[in-house]
1. Can you name every residue in segment B:282-317 that is outside any loop (DSSP other than H, G, I, E, B) and of a type in the set (Phe, Trp, Tyr)?
2. Looking at A:VAL81, is it surrounded by fewer than 23 Cβ atoms within 10 Å (Cβ to Cβ), at the interface with chain B (Cβ under 7 Å from one of its Cβ atoms) and β-branched (Val, Ile, Thr)?
3. Take B:GLY156 and tell me if it is in a loop (DSSP other than H, G, I, E, B) and either among the polar types (S, T, N, Q) or free of Cβ contacts under 8 Å to residues at least 24 places away in the same chain (or both).
4. Give me the residue from segment A:338-371 that is of a type in the set (Ser, Thr, Tyr) and in a helix (DSSP H, G or I) and, out of that set, farthest from A:VAL81 (Cα to Cα).
5. Condition test on B:VAL48, is it under 30 Å from A:GLY247 (Cα atoms), over 30 Å from the mean Cα position of the chain (by Cα) and surrounded by 21 or more Cβ atoms within 10 Å (Cβ to Cβ)?
6. Given segment C:58-128, what strands (runs of 3 or more DSSP E) lie entirely inside it while holding 3 or more residues that are within 14 Å of chain A (Cβ to nearest Cβ)?
7. If the Cβ limit is 6 Å and pairs must be 6+ apart or interchain, which residue in segment A:298-319 that is closer than 17 Å to C:VAL37 by Cβ and within 7 Å of chain B (Cβ to nearest Cβ) pairs with which residue that is of a type in the set (Phe, Trp, Tyr) and surrounded by fewer than 24 Cβ atoms within 10 Å (Cβ to Cβ)?
Amino acid sequence: MSRLPLTAHDREVMLSRIGAGNFEELLRPIPTDIRLSRALDLPPPLAEAALVAHVSALAGANTPVLSFVGAGSYQHFRPAVVDYLCGRPEFRTAYTPYQPEVSQGTLQTIYEFQTAIVELTGMDVANASMYEGGSAAAEAVFMAVAATGRPCILVSDGVHPLVRRVVETYAHPNGIAVRRVPLLGGTTSMAALREVVSDAAGLIYQQPNFFGCIEDQPGLIEASHGAGGLAIASVDPLSLAILESPGALGADIAAGEGQALAAPMSFGGPGVGFLACKQSLIRRLPGRLVGATADSQGRPGFVLTLQAREQHIRRQKATSNICTNQALVALAFLVTVSALGPRGLEDMATQAVEKAHYLQRNLEARGLPSAFDSPFLWEFTVRTKGPASAYVDALLPRGIMPGLDLGTIDPPMTDGLLVYVSELRTRQELDQAAALMEEVRHG
Amino acid sequence: MAERIIYELGSKGRRAVDLPELDVPGGNLDAILPAGARRRTVPMLPEVDELELIRHFVRLSALNHHVEKGFYPLGSCTMKANPPVNEVLASLPGFTGAHPLWPARLIQGSLRLMAELECMLAEICGLHAVTLQPAAGAHGELTGLMVVRAYHENRGNPRKRVIIPDSAHGTNPASASLVGYETVEIKSDPDGLVDLAALERVLDEDTAVFMLTNPNTLGLFERRICQIQKMVHAKGALLYMDGANMNALLGIVRPGDTGFDLVHLNLHKTFSTPHGGGGPGSGPLVVSKRLEPFLPVPRIACRQDGTYEWDWDRPQSIGKVMTWWGNFAVLVRAYAYIRALGGAGLAEVSEGAILNANYLLALVGDRFDLPYSGPCMHEFVLSGDRQKKRGIRTLDMAKRLLDKGVHAPTVYFPIIVSEGMMIEPTETESRESVESFARALLEVADEVEHDPDLVHGAPYTTPVSRLDETRAARQPDLAYKRRGA
Amino acid sequence: MDEAIRCTSEHEWVRAEEGLAVVGLTDYAQSELGDIVYVELPEVGARFEKGEVFGTIESVKSVSDIYSPVSGEVKAVNTELEPHPEFVNQDCYHQGWIVKLEMSDPSELDDLMTDAEYEEFISGGAEE
């Protein structure tokens, strides 16, 4: 391999300085019987041009389609300036800002990211990012359990089924009971909630929920608070340009996925999780926090702060084990919202809403009504005539993925198609999709 | 000169990008949204034009040290070069445009890449199966401990304790707590290795797993690994390897061959994916055959015809540790890295890392205390005790190094070394580069002797001098608030 | 040091005052910890056994448990420490007190070190 810098001459000079006759001497602490006596059995090396050809062929083996699938991973307009700035090596090839004097760039961008999350969610404090939305929700559960001392959490069936699965996975080893709260007419059933709420650490709900429906957020928060629990909102940050923030409505924790405003879908990652809370929960917040301070000459600057919560100091008593997070994607989120600004963000959200409603009316007129009456934003559930899978199968050969077949999720809804409309879809695309779906309806 | 907060820049009404005109009937938002659901206040977000936006972030970027600017010997973090071609490959539209819930027939390329990466990582580790789902090393640890717990539960008893050496990363005990295990810490022996007698004393039928970093955080290979694995397995416990230091072992030793049952890898360390200022990373978990049933869902399955699909039918699985399937774009980079190097190339990586570390140690070792001797693997730990007697702490020396255009080593870790400096040069640094860092460190050692005040006041040439961490923690200011707001 | 105080091996001091046990952190402890940034206080009304953890104290780079030197019920907590954790550094025996306990067994005080014994304890400890 020629790309490594050490030449035969270098090795000779270095070994001589070390006082070793050959490289093998440096490996003498390793018992010989456990040494690998052959080369790793991997495909032969590829020079750069061949590598590009090979990996491009793999990328080409994916089939792009006109997609109406959202369900937690969203395609939106991504301003060119986002990748332009995030590709800078100063951001890309630095690490966690352990030496703040030479990391002010990263630190300030994280502080600005925290601010954006605080503003959008209406919370008092946000951390420097989580891995993604599901594990952020799970960490929010730990916060609520620790704050209340109650080892039980309520999860609305309106929460993304895979996020729910993550929460269950994290809860199980800790003996935290996860109780599901069913939906009624597309939104969380208040009656069912009241039955189970009494001894829970809190409720996680999603706004808008997985099926696209807008929940009665004040009602959910009040019910959880009334029983002494916390209210945890799982939110799409773009929705917060037009929907009231969970913080303003009194929720205690907001957790969510910021991919929609930061990164391409990239088959699910990386995105960027966020976690924000009220001031009273600040010391239970996991992960990194950046704070403003001053240097020895009084100049403003930033540092990682409240680190005593974290694993490298508190070890087994830490609030979480998180170390590496999603800093570069958090930066992409910050650049995106900065490029759009508050009005651009509202425009983007509004356009997606208008286009989704245009398609929904169109489908309804063609005999494909919504499954639920609740208000929605850019995602809605169509009640299909016959199995939803038939619509997917029929439209895919035409290069269109008409939505998510809800027969594939838990619990299955075989005649449900979850349709997402990005602001990037044109009227022509919407009309075409609607017409093709009508054809399927007629069989 | 400080860069202002972006929320202070610009002017009301400015924006950097536009959206196209709405091409469907509009103006319905008020009718669509219930009044109570509508946001009442406009969030305070930046209002800047595109050039202001670019200048802000370009100026901020200039305040960072990074691998492509200079030496970055942060021990345990493996700050190696990040090949630019991998950025290009991760950005291929076929990858970036794929939705995680598309049917398998649309995403054969992504699935195949993941399946092949799993195979390659299993071979590198000498183990059986891989999950690519964990988003970072600590997330891989967490997943691993969940798998350990599920394994023991399946045998009728989840067991109670995780044993961890006192030299371990803080994430190890934190991860153990997150899955409901108690942590037992054992002291290292005078050579900095696992003390077998101490291990024997705490190992029992309630031990779920022994978590070991190999080479350990002192940069030393645990040469009694075979005895360790026999002791651990004799009690029915599992042996976990924290693979943060895998950069020392590629093609030299495979964890599975030394008795480890499971290991997490940090793709952003060993496999060259960029650290991104703190992420995104990726922390695949590699396990032995008996642990495979417990891995997160879904698994990738290869059909008879050579195509791939998701397999959700895994009744013993722990569940899911993230919503989707892993940090896919990071996986593309790691895949490309391994494909570029091949088996022999990976072995050269570790040889280069070990050679550079030992060379650097030879160049600087006699000017510092070296608490544990012997050839190191890919990194080594010095102690600043000698300098402390002159009133200069390791923190001071770290800050002084910043003035010399290099990043400081990891300091005060592992916690068993007083005034510790953990130095990892990586294989991508040339001999001249290693020598240049050695000169910088020796200059600091000289300054400690001749002009300690100079070191104590460092850094001088960085964008800011030392920051007041006490103030930051006493009066946390974690989000900008507009004056008067 | 103060004649009236008793100390624990975990570096808490306790002083009987108007029938209550006032508890704080010793000067040695605060100087070892460095700048205190946060003190997590118990709820008034909570009960603790001798040796039980009733709170934590945080410096920039460390966090330590605070152990109850005697058994009893919390009657008051020093809420001034919330805005001013530095009181523990500046005046650990007075302004920096942490809690006041109603002792369930005042004789427990006799088991604690006198200030002279504590002085000896920490000077021995410093050699470690």
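1. So the first thing to find is which residues in segment B:282-317 are outside any loop (DSSP other than H, G, I, E, B), and the list is B:285-287, B:289-294, B:299-302, B:308-311.
Result: B:PHE294, B:TYR308, B:TRP310.
2. On the way: surrounded by fewer than 23 Cβ atoms within 10 Å (Cβ to Cβ): yes; at the interface with chain B (Cβ under 7 Å from one of its Cβ atoms): yes; β-branched (Val, Ile, Thr): yes.
So A:VAL81 passes the test.
3. Details: in a loop (DSSP other than H, G, I, E, B): yes; either among the polar types (S, T, N, Q) or free of Cβ contacts under 8 Å to residues at least 24 places away in the same chain (or both): yes.
Yes: the conditions hold for B:GLY156.
4. Among them, the one singled out is A:TYR358.
5. On the way: under 30 Å from A:GLY247 (Cα atoms): yes; over 30 Å from the mean Cα position of the chain (by Cα): yes; surrounded by 21 or more Cβ atoms within 10 Å (Cβ to Cβ): yes.
It is true that B:VAL48 is under 30 Å from A:GLY247 (Cα atoms), over 30 Å from the mean Cα position of the chain (by Cα) and surrounded by 21 or more Cβ atoms within 10 Å (Cβ to Cβ).
6. Working: elements: C:62-67, C:72-77, C:99-103.
Result: C:62-67.
7. Close Cβ pairs (under 6 Å, with a partner that is of a type in the set (Phe, Trp, Tyr) and surrounded by fewer than 24 Cβ atoms within 10 Å (Cβ to Cβ)) do not exist here.
Listed here are the residues, each with its yes/no results for (1) more than 29 Å from B:SER350 (Cβ to Cβ); (2) buried (at least 23 other Cβ atoms within 10 Å of the Cβ); (3) within 13 Å of another protein chain (Cβ to nearest Cβ); (4) touching a residue at least 12 places away in the same chain (Cβ under 8 Å).
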position: B:ASP385; (1), (2), (3), (4): yes, no, no, yes
position: B:ARG393; (1), (2), (3), (4): yes, no, yes, yes
position: B:LEU401; (1), (2), (3), (4): no, yes, yes, yes
position: B:THR428; (1), (2), (3), (4): no, no, yes, yes
position: B:LEU441; (1), (2), (3), (4): no, yes, no, yes
position: B:HIS450; (1), (2), (3), (4): yes, no, no, no
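The values are calculated or read from the model by the stated rules, or taken from the named source; none is laboratory data. None of the values given here were measured: they were computed from a predicted structure. In this analysis, Cβ positions are derived from the backbone assuming ideal geometry, glycine residues included, and neighbour counts consider all displayed protein chains.
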